[in-house]
Amino acid sequence: MTAGSPVNAGPAWSTELGRPLHRTKALPPCTPDGVRPAAAWIQTCADAPHLKCVARGDGLLHGGHATVAEISETIQLHLWRSGALQTRRVVRELDPRSASPQESRLRSWCRAGGLPRPLVNAAIVERGRQIAIVDLLFEEYRLVVEYEGRQHHRDSRQFARDVQRYADLRAAGYEYVQVTAEMLRNPRAVVLLILQRLRDRGYAGPAPTFGLRWQALSRPISTQR
C-alpha cells in the first residue's frame with residue numbers, strides 16, 4: 001500500500017501479532033523510514049490525555065522532529081483523520097523551548113491554574129554575564145521554578161554547578177522554587193506553592209482555579225468548544 005491509497009477505514013486486529021492494526025482512507029505523510037513524527041503525534045492526540053499530548057508535542061518541536069507549520073499542514077491535508085480535531089485544540093499550547101516532560105507539565109499546570117505565563121528555558125543575564133538558564137521564569141517577579149531531577153544529585157559536578165547557580169540567582173535578587181519528582185505527584189500543591197512565592201514578590205492576581213480547564217489536562221482532548 002502506498003501513500004494516498006484508499007482502503008476501508010476502521011480498526012482491525014492482527015491475530016498473528018496480537019496487536020491492534022488500523023485501516024485508513026490514506027496513509028499519512030511518510031519518509032523512507034515510516035510515518036513522519038508529526039503524523040504519529042496527531043494520531044496520539046486522538047485518545048491520549050491532554051497533558052501527555054502537550055509533553056510529547058513539546059518534545060517533537062524541541063528535538064527538531066517536527067514544526068508547528070508541518071503539524072498544521074498535516075492536519076489540513078487530512079482533517080478527517082483520527083486526532084486531527086484534537087490536535088487543532090492543543091497545538092497552540094506547544095513550546096519548542098521546553099526541554100523535558102517535567103517542564104511541559106509544570107508549564108501546563110501553571111497555565112491551567114490561572115497563574116501568569118512563565119518564560120520557558122529562559123536565560124538570565126546580569127551585568128553582561130549569563131548566570132543561569134532556568135526551566136520556568138516569572139520575569140516580572142524575578143521568580144524561578146526549577147525541576148530537580150535525580151541526575152542533579154548523582155553527578156557531583158552537576159551538583160556543584162547547581163549550588164553556584166543558585167548562589168548567583170540569590171545574589172541577583174531572584175527567588176526560586178525547586179520541584180522534585182515526589183512533589184509532582186501533587187500538582188495542586190506545587191501550583192499553590194508557586195502562587196505563594198509570587199505573592200511574596202508582589203503578585204496580586206487571583207488565586208489558582210482547579211475547575212474544568214485543570215481537570216481537562218488529565219482527560220483526552222475534547223473536540224467540543
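Quick look at the values:
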quantity: Within region 40-52, tally of residues that are in contact with a Gly (Cβ under 8 Å, 6 or more places away or on another chain) and either assigned to a helix (DSSP H, G or I) or among the aromatic types (Phe, Trp, Tyr) (or both); calculated: 4
quantity: Number of the condition not met by ALA55 [criteria: (1) at pLDDT 95 or above; (2) over 11 Å from the mean Cα position of the chain (by Cα); (3) not in a loop (DSSP other than H, G, I, E, B)]; calculated: (2)
quantity: Check on GLU182, at pLDDT 90 or above, in contact with a Lys or Arg (Cβ under 9 Å, 6 or more places away or on another chain), among the charged types (D, E, K, R) and over 30 Å from ALA84 (Cα atoms); calculated: no
quantity: All positions within region 97-121 that are open to solvent by 30 Å² or more (accessible area, probe 1.4 Å), within 9 Å of the chain's Cα centre (by Cα) and not polar (S, T, N, Q); calculated: ALA99, PRO101, ARG105
quantity: From GLY149, GLY202, residue being at pLDDT below 95 and of a type outside the set (A, V, I, L, M, F, W, C); calculated: GLY149
quantity: Matching residues, region 179-198, being in contact with a Pro (Cβ under 8 Å, 6 or more places away or on another chain) and among the β-branched types (Val, Ile, Thr); calculated: VAL191
quantity: Within region 157-214, tally of residues that are closer than 24 Å to PRO101 by Cβ, among the acidic types (Asp, Glu) and open to solvent by 50 Å² or more (accessible area, probe 1.4 Å); calculated: 1
quantity: Region 71-92, residues that are assigned to a helix (DSSP H, G or I), under 17 Å from CYS30 (Cβ atoms) and within 18 Å of the chain's Cα centre (by Cα); calculated: ILE71
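The values are calculated or read from the model by the stated rules, or taken from the named source; none is laboratory data. No experiment lies behind these values; they were computed from the predicted model shown. Cβ coordinates were reconstructed from backbone atoms using ideal geometry, including for glycine residues, and neighbour counts include every protein chain displayed. Calculation scope for accessible area: heavy atoms of the full protein, side chains included, ligands and nucleic acids excluded. Shrake-Rupley method; radii C 1.70, N 1.55, O 1.52, S 1.80 Å.
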